[in-house]
Amino acid sequence: MGLLSRTATFVRYSVEGELPENFRDFVAERIAHFSFQDIDDTVDEYSIGWVAVDNMFDSSFAHASYAVGDYIILSLRIDERKVSKTLLNKFSFKEEDRLKKAKQIPRLNRSQRLQIREDIRLQLVKKALPVPAVYDLAWNLADNTVLFFSTSAKAQSVLEDFFRECFGLSIILQVPYLAAAHLLDLTELENLKELQPDIFV
Amino acid sequence: MPEDVERMDLVDIISEKKFLGQEFLTWLWYKSEERGGAVMLPGIGDIQVVFEKHMLLESGAGESLEKLICKGLQTELQEARTGLLMGKKLEQARMYLARGDYEWRLTLSATLFEYRNASLPRTVSSGDESSDPLAWEAKVLERIGMSEEIMHTMDQLYRLFLKTRTGAEWLQEKARIKAWIAGAAEH
């Protein structure tokens with residue numbers, strides 16, 4: 001469903017604010033700084049960063065491969081070590097059972113159970129492989145809009161924060177009311193503000 | 001952008017102005033059937049807009065939200081038309097659009113203007129699998145261009161709706177939509 005897929009799913013954002021001077025240098029520096037760092041050989045839980053649209057293992061962007069015409073094209077890659085709730089419950093209960101028997105006590109208090117759960121979670125996280133998710137985007141520099149190729153609310157929220165952190169620019173999802181602002185004159189916009197839902201039957 | 005828009009939180013805008021996208025999509029269905037699939041865009045001419053057999057209709061909000069999903073080749077959208085009679089509006093619809101030499105199929109969801117499963121026109125470079133960087137760039141630019149083209153076409157349809165909706169002619173247009181919905185019940 002991404003930029004290079006046979007079918008595409010996307011939403012549009014507007015980019016708020018002025019692009020910095022020396023934009024090409026600025027963007028090269030920011031993309032390099034926020035490029036994806038692999039966590040396969042670490043025990044980190046989470047990593048987020050930019051990779052090339054045509055290769056999720058390319059975060060070096062040789063020859064500024066993200067610059068295509070008047071667009072910046074990037075993929076946002078998020079790797080996360082996840083632990084299923086079922087596994088976490090199983091091994092937490094197992095450890096609680098072991099401790100109760102070892103100490104010969106009927107039950108553990110809440111703080112003990114929470115500590116066990118967190119210890120088990122950390123042990124399982126270290127054993128889990130990072131699961132990757134990749135989302136494409138195309139930033140149109142001529143009209144300062146971004147096409148984001150996902151309708152996942154969670155992915156959109158992560159993108160909005162990461163884009164602001166990386167480029168210092170806010171992006172705003174172009175829902176119908178906001179999209180209207182680019183299509184109408186001032187009088188029509190004033191009328192639009194007053195509109196109430198209508199009934200068609 | 002109206003001043004109050006800047007102050008309104010996006011979540012509030014989405015819930016308070018949700019009706020705009022739904023009314024637009026419902027109007028577009030009417031508009032596409034008014035002249036047998038041809039919709040006139042000012043300054044451009046006729047484009048083809050045909051609603052296909054997958055729709056989601058909604059009415060109400062919060063706890064009183066009701067949804068009606070219609071799909072299948074044999075339905076002829078009759079259930080969806082009945083849904084309109086019950087006061088529901090379109091939240092999501094699969095449609096075919098043709099403009100000039102190009103054709104798109106996509107599902108548009110009204111509240112957030114999401115373009116889903118959009119099949120873009122096949123072009124000369126669509127099937128080019130060469131490793132030539134210039135050919136790759138051309139292919140990428142064409143795919144972005146085709147995605148933007150369908151959005152710009154939808155923008156023009158949306159502008160046509162907004163100008164009618166915020167203008168004096170809305171009462172007449174609404175009467176025609178009502179007659180179209182009532183007519184659907186007779187079939």
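Relative to the longest principal axis of the Cα atoms of chain B, the long axis of helix B:170-186 lies at roughly 80 degrees.
Return the average number of partner chain Cβ atoms within 10 angstrom of each residue Cβ along peptide A:37-46. Intermediate values should be presented prior to the final figure.
Values: counts 0, 0, 0, 0, 0, 0, 0, 0, 0, 0.
Mean partner shielding for this stretch: 0.
In order along region B:30-47, phi translates into HN-Hα couplings of 4, 4, 5, 8, 4, 10, x, x, 9, 10, 7, 9, x, x, 10, x, 6, 10 Hz, rounded to whole numbers, per the Karplus curve 6.51 cos²θ - 1.76 cosθ + 1.60 with θ = phi - 60° and x for Gly and Pro. Amide H to amide H distances under 5 Å link A:THR9 with B:ASN117, B:ALA118, where only residues 5 or more positions off or on other chains count and H is placed in the peptide plane.
If you add up the charges near A:ASP44, with Lys and Arg at +1 and Asp and Glu at -1, over every other residue whose beta carbon is less than 12 angstrom from its beta carbon, what do you get?
Numbers: positive: A:ARG81, A:LYS126; negative: A:ASP38, A:ASP40, A:ASP41, A:GLU45, A:ASP79, A:GLU80.
Cβ neighbours under 12 Å give a net charge of -4.
Counting only other residues whose beta carbon sits under 14 Å from that of A:LYS100, what net charge do I get with K and R as +1, D and E as -1? Charge balance in the 14 Å sphere: +3. In chain A, the DSSP-assigned H stretches of four residues or longer account for a calculated mean residue ellipticity at 222 nm of -12000 deg cm²/dmol, using -39500 (n - 2.57) per stretch and the full residue count as denominator. Here chain A is scanned for GluC sites (Glu not before Pro) in DSSP loops (not H, G, I, E, B) that have at most 10 other Cβ atoms within 10 Å, and the longest stretch holding none of them is A:22-201. Projected label points at A:LEU19 and A:SER60, each 7 Å from Cα along the beta carbon direction, are separated by 2.7 nanometres.
With a cut-off of 10 Å between beta carbons, the residues surrounding A:MET1 carry a summed charge of +1, where Lys and Arg count +1 and Asp and Glu -1.
Helical runs (DSSP H, four residues minimum) scored at -39500 (n - 2.57) apiece and divided by the length of chain B put the mean residue ellipticity at 222 nm at -15000 deg cm²/dmol.
The alpha-carbon of A:LYS82 sits under 29 angstrom from the alpha-carbons of these lysines, leaving out residues fewer than 8 places away in its chain: A:LYS90, A:LYS94, A:LYS100, A:LYS126, A:LYS127, A:LYS154.
Any read-out appearing in this document is the output of simple, stated calculations on the displayed coordinates, not a laboratory observation. Values in this document were obtained by computation on a predicted structure and should not be read as measured data. Positions of Cβ are backbone-derived with ideal geometry, glycine not excepted, and every protein chain shown enters the neighbour counts.
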